[in-house]
Amino acid sequence: MNNIIEKPRLSFWQIWNMSFGFFGIQFGFALQNGNASRILQTFGADVEHLSLFWLAAPITGMIVQPIIGHYSDRTWNRLGRRRPYFLSGALLAAIALIFMPNSAFLAYLLPPILVGAGLLMLMDASFNVAMEPFRALVADNLPDSQRSVGFSVQTFLIGAGAVLGSWLPYIFSEYCGVSKIAEPGHVPENVVYSFYVGAAVLVATLLWTVITTKEYSPEERLQFHPEEGDADADEKKGILSIFTDFSKMPVTMRQLGLVQFFSWFALFSMWVFTTPAVAEHIYKVAPGDTSSVRFADAANWVGILFGIYNAVSAGYALLLPAISRMTSRKIAHAFSLTAGGLGLLSIYFIQDPKMLIFSMVGIGLAWGSILAMPYAILSGSIPARKMGVYMGIFNFFITFPQIVNGFFGGIMVKQLFHGQAIYALVLGGILMILGAVSVLYVQDGKKLKK
């Protein structure tokens, strides 16, 4: 019988370096979330069609993440097991960041709206290639007792990167004198320069993690998980084993699927419709106006607000391990989702843009928990040799609600809400609270060490 050796605990800075690349990923992801709708509207997209363009993101994620997880479980080369994937994803995402705001200058190939949508798809596929192995890397390198801390540090860096990414267009326009408006059909320079910086930060931080982080070799992993040595038959099934793994997913993952559906349907609504909702409901911008100073002010303020909720999530992530130990991971997540739901609902009742900061506090609590608690709950129920593929499959429960929202969100805004995007945020708030209720019924058998 093989002797099982427990994984050594890592220092705080080892965990930090291992997750630092996520700072750059989220820096670029925040630029996408805060500005993609604005860019697509600039190129001629109607508000009710925005969710359809955003479908590129979850569809590519649904396809890419399980495949990347499957192959990263079986990869070992000079760069390691997970690092080859998030490095290549970072390089592709950086290329998309550089070209997306310049879609108007590629109009001789295709209409700008199609170029922008295509680059949005490339960008999100690349982010997914980079993100999935990072989730698995934390579970690979840390013992179960440190995983809540690992995912919380990762969430802190996600929040910090998102703050800077969200605020950068505002900083360029207000403090660097870069223009925040442009001719119709063109993206303002403050957004273009922000995307350039995002590309550089993304590549630099990923290189830092690649250089400073060690991965366990197959021989070392076998000492920690001797059951992996009996998996030869399963390995021969190849990529089709993803479907078998999906059918045999742990009960905890199935239960978390409902929580994720409610949470990510709400988040997708927020990312897609906050800019038009705030512009029309609070700034009183006329529908279809995307070139006025008032629309630019609304869009820039949404970027600041998105930075605020990410800043809150970064700080809150550091408190989540302690909150989880005092209560439980389920209760901590339920409280956080409730705060997020109330934050989204409150936007409807606000008329002063500055008051939206309070809404973002609640949303930040939810976002911080969404990025950490489901993964901490899930990781203890997954076989170690399938950590990558199951983290990828779990992404199905993130992408599926976004795809549903993408197909029906715009129709609801147009037909049910009569073009008023603010009601998409109200619906998101209600669903977030339903997610808080459903998480209380999730099976989490792991005890947290005091």
Note: among Gly165, Gly185, just one is of a type outside the set (Phe, Trp, Tyr), in contact (Cβ under 8 Å) with a residue 60 or more places away in the chain, in the same structural domain as Phe23 (by the TED database) and not in a helix (DSSP H, G or I), namely Gly185
If I go through segment 368-407 residue by residue, how many of them are more than 17 Å from Ile67 (Cβ to Cβ), of a type in the set (S, T, N, Q) and either open to solvent by less than 20 Å² (accessible area, probe 1.4 Å) or in a helix (DSSP H, G or I) (or both)? 4
If Val442 satisfies every condition in (1) part of a helix (DSSP H, G or I); (2) in contact with a Ser or Thr (Cβ under 8 Å, 6 or more places away or on another chain) but one, which is the exception? (1)
Does Leu425 meet the test of being out of contact with any Pro (no Cβ under 9 Å at 6 or more places or on another chain), within 26 Å of Pro287 (Cβ to Cβ), surrounded by fewer than 22 Cβ atoms within 10 Å (Cβ to Cβ) and of a type in the set (A, V, I, L, M, F, W, C)? no
Find all pairs meeting these conditions: Cβ atoms under 7 angstrom apart; at least six residues apart or on different chains; first residue within segment 80-102 and farther than 13 Å from Leu122 by Cβ and not assigned by the TED database to the domain that holds Gln26; second residue surrounded by fewer than 24 Cβ atoms within 10 Å (Cβ to Cβ) and at pLDDT below 85. none
For Ser19, state whether it is at pLDDT 80 or above, under 28 Å from Ser148 (Cβ atoms), open to solvent by 30 Å² or more (accessible area, probe 1.4 Å) and out of contact with any His (no Cβ under 6 Å at 6 or more places or on another chain). no
Taking the options Leu345, Leu319, name whichever one is assigned to a helix (DSSP H, G or I), open to solvent by 50 Å² or more (accessible area, probe 1.4 Å) and more than 21 Å from Ser166 (Cβ to Cβ). Leu319
Residues that are among the hydrophobic types (A, V, I, L, M, F, W, C), touching a Lys or Arg at 6+ places or on another chain (Cβ under 7 Å) and surrounded by fewer than 24 Cβ atoms within 10 Å (Cβ to Cβ): does segment 271-293 have at least one? yes
Only residues that are assigned to a loop (DSSP other than H, G, I, E, B), touching a helix residue (DSSP H, G or I) at 6+ places or on another chain (Cβ under 9 Å) and at negative phi: list them for segment 11-70, please. Phe20, Phe43, Ala45, Asp46, Trp54, Leu55
Looking for whichever is in a helix (DSSP H, G or I) and not assigned by the TED database to the domain that holds Ala136 here; the options are Gly288, Gly340. Which one fits? Gly340
Do the conditions hold for Met355, that is, is it part of a helix (DSSP H, G or I), in the same structural domain as Leu305 (by the TED database) and surrounded by fewer than 20 Cβ atoms within 10 Å (Cβ to Cβ)? yes
Looking only at segment 283-341, how many residues end up being over 22 Å from Ser359 (Cβ atoms) and charged (D, E, K, R)? 4
In segment 22-70, the residues that are open to solvent by less than 10 Å² (accessible area, probe 1.4 Å) and β-branched (Val, Ile, Thr): Ile25, Ile39
Unmet requirement for Ser126, which otherwise passes all of (1) more than 23 Å from Pro66 (Cβ to Cβ); (2) open to solvent by less than 10 Å² (accessible area, probe 1.4 Å); (3) at pLDDT below 85; (4) among the polar types (S, T, N, Q): (1)
Let me confirm something: among Leu97, Leu114, Leu92, Leu110, which residue is modelled with pLDDT of 80 or more, open to solvent by 20 Å² or more (accessible area, probe 1.4 Å) and over 23 Å from Trp367 (Cα atoms)? Leu92
Go through segment 257-270 residue by residue and tally those that are within 17 Å of Gly429 (Cβ to Cβ) and either open to solvent by 10 Å² or more (accessible area, probe 1.4 Å) or not assigned by the TED database to the domain that holds Met373 (or both). 4
When you check Ala314 against the structure, is it open to solvent by less than 10 Å² (accessible area, probe 1.4 Å) and over 23 Å from Ile430 (Cα atoms), yes or no? yes
Of the residues in segment 188-221, those that are outside any helix (DSSP H, G or I) and out of contact with any strand residue (DSSP E or B) (no Cβ under 6 Å at 6 or more places or on another chain) come to Pro188, Thr213, Lys214, Tyr216, Ser217
Of everything in segment 38-67, what is under 19 Å from Ala96 (Cβ atoms) and in contact with a Pro (Cβ under 7 Å, 6 or more places away or on another chain)? Give them in sequence order. Ile39, Phe43
Restricting attention to segment 380-391, does a residue exist that is touching a residue at least 40 places away in the same chain (Cβ under 8 Å), β-branched (Val, Ile, Thr) and more than 26 Å from Lys7 (Cα to Cα)? no
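The values are calculated or read from the model by the stated rules, or taken from the named source; none is laboratory data. Keep in mind the model is a prediction, meaning the values are calculated, not measured. Glycine also receives a Cβ, built like all others from the backbone with ideal geometry; neighbour counts cover every protein chain displayed. Side chains included, ligands, DNA and RNA excluded: accessible areas come from the protein's heavy atoms. Shrake-Rupley method; radii C 1.70, N 1.55, O 1.52, S 1.80 Å.
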